[in-house]
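K.L.:
Dumping the structure here so I can ask a few things about it.
All of the numbers you see were taken from the coordinates with simple rules; none came from a lab. Predicted model, so just to flag it, every value in this text is computed and none were measured. Reconstructed Cβ throughout: ideal geometry from the backbone, glycine too, with neighbour counts over all protein chains shown.
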Amino acid sequence: MHTTTMTKADRAALENLWGTVGTWTADTWTHLNTTYFGGKAKYHGVTWGLTPHGKRLGHTWVDDGGAGVLGRITLHPALLDPRGNAWEMGPVLGARLAEYVLLHEMLHAYLGDRGLDASHNSQPWCDEIMRITPLLGLAAVQAEPVKPRRVDGKVVRLARDGFLSRDDLAHWPHTLMAPDYYNTEGRITVLT
C-alpha cells in the first residue's frame, strides 16, 4: 500500500540503498510533497539508476506494462554524482537541478494516481504547471495542450501566443528558470 507520507521503513530503505543520497531523497521528497502537493502525493518509491534508454534525467512509471511499478520514480545518478558532462549539462548537475527533476517526476505520479493523463501535453499536466509555477517563486504562466492548428496555410503543432511551447511543457520547470539558476552547489556523491 502506498501512503501520502514517507514511512520510517521507506526512509530506512532509501538510506540503506543510497546512503547520503537516500537521506537527501527522503528529505527532498517529503519537502516537495508538503510544499507543492499539500501532502497528498503518494510515495511509490524512488530509485537511483539508469533511466529508460539513458536519455532522461528522471522517469516515472505511469504505464507499468504489468510490472506493478506504477508511480515509481527513477532518477539518474549523474544528477548528484556528475562524472563528466552527462547530456552536456555538467556545469548545472547537482542537488538544485535534482530537486526539480524529482518535482517534475512527482507530478507525473501525482496525476497518474488520480487517473488523469500524466503526459506532458495534457490538460491536467498544464493545469498543475499553472498551479505550481507561482509556488516556485516564478511568474504565473499560461499552459494548454499544444494541438495541431493551421498557421500560414500549414498545419503545425505550435503553441498559441502567450502559452508555453511543447518543449516548455515537457521540460518544466527547467525551461522557466533563469539561465544561471542551476549551479553545482550542493553536489552529493552517490555511494556505489
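K.L.:
Computed from these coordinates, which is percent of Cα pairs over 28 Å apart: (1) 36; (2) 32; (3) 27?
P.N.:
Only one listed value fits the structure, namely (3).
K.L.:
Another question about this same structure. Using only Cα atoms and rounding to the nearest 10 degrees, what angle (0 to 90) does helix 20-37 make with the longest principal axis of the chain?
P.N.:
Compared with the principal axis, the helix lies near 40 degrees.
K.L.:
In a Gaussian network model over the chain where Cα atoms closer than 10 Å are linked, find which of Leu169, Leu158, Leu50 has the largest mean-square fluctuation.
P.N.:
Among Leu169, Leu158, Leu50, the largest mean-square fluctuation in the Gaussian network model of the chain belongs to Leu158.
K.L.:
Next question, about the same structure. Would you be so kind as to identify which of His31, Ala159, Ala140 lies farthest towards the positive end of the dipole of the chain, taking Lys and Arg as +1 and Asp and Glu as -1 on Cβ and the Cα centre as origin?
P.N.:
Result: Ala159.
K.L.:
Name the lysines eligible as straight-distance cross-link partners of Lys8: C-alpha to C-alpha under 29 Å, and not fewer than 8 places from it in the same chain.
P.N.:
Answer for Lys8, where 29 Å is the Cα cut-off: Lys40, Lys42, listed by chain and number.
K.L.:
What is the helix-to-structure angle for 8-18, meaning the angle in degrees between its Cα long axis and the longest Cα principal axis of the chain, kept from 0 to 90 and rounded to the nearest 10?
P.N.:
90
K.L.:
Here is a follow-up. Quick one: if you stick a label point 7 Å off each Cα along the C-beta vector at Ala139 and Ala13, how many nm between them?
P.N.:
4.3
K.L.:
What is the dipole size for the chain, taken about its Cα centre, with +1 at each Lys and Arg Cβ and -1 at each Asp and Glu Cβ, in debye to the nearest 20?
P.N.:
Its charge dipole is roughly 320 debye.
K.L.:
Give me the number: length gained by fully extending Arg114 to Thr175, i.e. 0.36 nm times residue separation minus the C-alpha to C-alpha distance, one decimal in nm.
P.N.:
Difference between extended and current length: 19.4 nm.
K.L.:
Still on this structure: Of all beta bridges DSSP finds with both residues in the chain, what is the antiparallel percent, to the nearest 5?
P.N.:
Looking only at bridges with both residues in the chain, the antiparallel portion is about 75 percent.
K.L.:
Can you give me the angle between helix 123-132 and the longest principal axis of the chain, using Cα atoms only, in degrees from 0 to 90, rounded to the nearest 10?
P.N.:
It is inclined by approximately 70 degrees.
K.L.:
As I understand it, the dipole of the chain uses +1 on the Cβ of Lys and Arg and -1 on the Cβ of Asp and Glu, about the Cα centre. Which of Thr5, Pro173, Leu97 lies farthest toward its positive end?
P.N.:
Pro173
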